[in-house]
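Please read the structure below before turning to the comments.
The values are calculated or read from the model by the stated rules, or taken from the named source; none is laboratory data. Because the structure is predicted, anything quoted here is derived from the model rather than measured. Reconstructed Cβ throughout: ideal geometry from the backbone, glycine too, with neighbour counts over all protein chains shown. Surface accessibility is based on the protein's heavy atoms, side chains included, excluding ligands, DNA and RNA. Shrake-Rupley method; radii C 1.70, N 1.55, O 1.52, S 1.80 Å.
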Amino acid sequence: MRLRFAFWLASLAAVAGTTPMPHSALAQGFGQPMRGPTNILGRSYPGKIKAIGVESMTVNLREGGPQTVLYSDIWRLRRSFASDEPNGSSIVDFGNNRMFIAASFDALVAEVSKKLPLTKFTAPNGDTVYLVANKVTDITGAIPGLHNPASKTVVGTRNGSQQVLETIADTKKVIAAASIAR
């Protein structure tokens with residue numbers, strides 16, 4: 001079976017005129033779309049910020065009690081917008097987790113920006129989204145038919161990706177400027 005697969009890859013590469021991806025890369029899942037957060041916290045009842053520390057903040061959730069979020073794990077901040085998200089809540093994506101917080105988005109951004117190099121972008125729906133500059137791993141063009149038609153760029157991190165309206169060149173400038181500023 002492996003031999004047939006390897007032959008198929010080699011023949012596909014010959015037709016396309018490129019080198020096939022190594023088997024080890026395929027086994028690791030390279031080339032697959034990044035997944036977003038897998039643990040959702042506070043969707044039913046957004047948490048309230050209990051304490052803001054030097055390296056973390058603690059959010060009190062009705063279901064699950066106090067949860068500590070390390071600033072070093074945060075990769076994205078945004079407002080809720082989808083129909084299954086609590087209206088008016090702020091969203092913090094950290095690691096493979098998403099937490100809904102009943103706090104002013106602007107106040108949350110102001111607090112987190114004291115600790116992390118945040119970069120401001122425009123999501124395909126027109127809302128503002130903040131990404132942590134030093135968490136960005138790749139910046140690529142949006143693919144028609146795969147990404148939102150309004151998106152121009154996809155910004156990837158280790159834990160997820162964000163489609164934005166800014167061009168690749170503008171996105172790279174913003175990320176570079178935020179990284180240098182810190």
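Overview of results
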{"quantity": "Estimated dipole of region 134-181 in Debye, rounded to 20 [Cβ of Lys and Arg +1, of Asp and Glu -1, Cα centre]", "calculated": "100 debye"}
{"quantity": "Whether region 44-182 is rounded, prolate or oblate, judged on the alpha carbon gyration tensor where a/c under 1.5 counts as rounded", "calculated": "oblate"}
{"quantity": "Solvent-accessible area per residue, Å², over region 134-181 with all protein chains present [probe radius 1.4 Å]", "calculated": "57 Å²"}
{"quantity": "Spacing of the two label points (7 Å from each Cα toward its C-beta) at E55 and N134, in nm", "calculated": "1.4 nm"}
{"quantity": "Cα Rg, Dmax, region 38-116, angstrom units", "calculated": "11.3, 34"}
{"quantity": "Proximal lysines to K135, defined as alpha-carbon separation beneath 25 angstrom and excluding residues fewer than eight positions away on the same chain", "calculated": "K114, K115, K120, K152, K172, K173"}
